[in-house]
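The values are calculated or read from the model by the stated rules, or taken from the named source; none is laboratory data. Bear in mind that the values here come from a model prediction, so they are computed numbers and not experimental data. Heads up, the Cβs are rebuilt from the backbone with ideal geometry, glycines too, and the neighbour counts pull from every protein chain shown. Only protein heavy atoms, including side chains, enter the accessible area calculation; ligands, DNA and RNA are left aside. Shrake-Rupley method; radii C 1.70, N 1.55, O 1.52, S 1.80 Å.
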Amino acid sequence: MFIKNLIAPVLFFTSAFAAPAPELEARQSCGPVKLFHAAGTTESGLGSVGIPLSAALASAVPGATTQAIVYDTSAEYSATVAAGAAIMAAAVNAAATACPNQKFVLSGYSKGALVVHGVTLSSAVKAKVIAITVFGDPARNINSPFPINSASVDQTPRDGSSSSQNVASFCNTGDLFCWPLGWSLPAHLAYPTDGSIGVAATFIKNRA
């Protein structure tokens with residue numbers, strides 16, 4: 001968000017060819033990487049996965065920032081997912097305009113992963129997306145597309161990733177929502193504490 005210009009004598013010495021103050025301030029506040037995260041069903045803000053992921057990324061990539069995608073996280077998986085995807089796309093587009101040199105990471109947990117799948121970006125903006133991380137993705141086994149150029153999905157990121165892989169899909173064994181014939185809700189809830197967050201932050205760092 002831009003801060004209003006302050007009227008000060010120093011402005012009279014600014015070159016006529018310098019960037020307008022709001023534009024200059026916005027560029028100075030742009031970090032190298034921005035994470036956009038969509039939380040899971042019934043969660044708010046960054047949710048259980050987004051909060052630790054934001055902290056881990058800020059530590060791994062100095063200056064990295066995070067934006068929560070605020071959408072309807074109720075247990076409805078059609079209209080609210082489409083609306084969430086549109087909200088995420090709008091947020092990414094706005095950041096691309098405000099911070100033209102910034103790179104982006106899209107992320108989602110559970111229902112939030114479905115939101116990520118639904119995001120539509122122009123080719124120019126999609127080129128700024130360097131990584132995607134999803135956790136407990138219900139669409140993991142149906143080859144749903146991702147909004148990133150030349151998507152290459154690592155389905156076992158805790159075992160290591162190649163440099164060509166730009167999507168990390170975390171799915172615990174037995175996870176009720178992403179594992180084929182999954183049975184375990186605890187497995188679906190474990191991502192914030194089972195080491196996945198650190199692996200995801202490193203995955204992003206290596207592509208930043």
**Request:** Being in contact with a strand residue (DSSP E or B) (Cβ under 6 Å, 6 or more places away or on another chain) and at pLDDT 95 or above narrows it down to one of Gly118, Gly112, Gly195, so name that one.
**Result:** Gly112
**Asked** Restricted to region 153-166, and to residues that are of a type in the set (Ser, Thr, Tyr) and either free of Cβ contacts under 8 Å to residues at least 40 places away in the same chain or part of a strand (DSSP E or B) (or both), which residue is nearest to His37 (Cα to Cα)?
**Response** Thr156
**Fill in**
Screening Leu185, Leu189 for residues that are free of Cβ contacts under 8 Å to residues at least 12 places away in the same chain, open to solvent by 60 Å² or more (accessible area, probe 1.4 Å) and over 30 Å from Ala124 (Cβ atoms) leaves only Leu185
**Asked** Would you pick out the residues in region 102-116 that are surrounded by fewer than 24 Cβ atoms within 10 Å (Cβ to Cβ) and under 11 Å from the mean Cα position of the chain (by Cα)?
**Response** Lys103
**Message:** Just to verify a result, which residue in region 167-181, among those that are assigned to a loop (DSSP other than H, G, I, E, B) and open to solvent by less than 20 Å² (accessible area, probe 1.4 Å), is farthest from Gly108 (Cα to Cα)?
**Reply:** Gly174
**Any hit, region 108-123, residues being among the polar types (S, T, N, Q), assigned to a loop (DSSP other than H, G, I, E, B), on the phi > 0 side of the Ramachandran plot and without any contact (Cβ under 8 Å) to a residue 12 or more places away in the chain** = no
**Request:** Name every residue in region 68-85 that is open to solvent by 60 Å² or more (accessible area, probe 1.4 Å) and over 12 Å from Gly40 (Cα atoms), in order of residue number.
**Result:** Ser78, Ala79, Ala82
**Prompt:** Do we find a residue being farther than 18 Å from Leu57 by Cα, part of a helix (DSSP H, G or I) and among the β-branched types (Val, Ile, Thr) anywhere in region 124-140?
**Reply:** yes
**Prompt:** Of all residues in region 192-208, how many are within 16 Å of the chain's Cα centre (by Cα) and under 17 Å from Gly50 (Cα atoms)?
**Reply:** 11
**Request:** Go through region 133-152 and count every residue that is without any contact (Cβ under 8 Å) to a residue 60 or more places away in the chain, within 22 Å of Thr193 (Cβ to Cβ) and open to solvent by less than 30 Å² (accessible area, probe 1.4 Å).
**Result:** 2
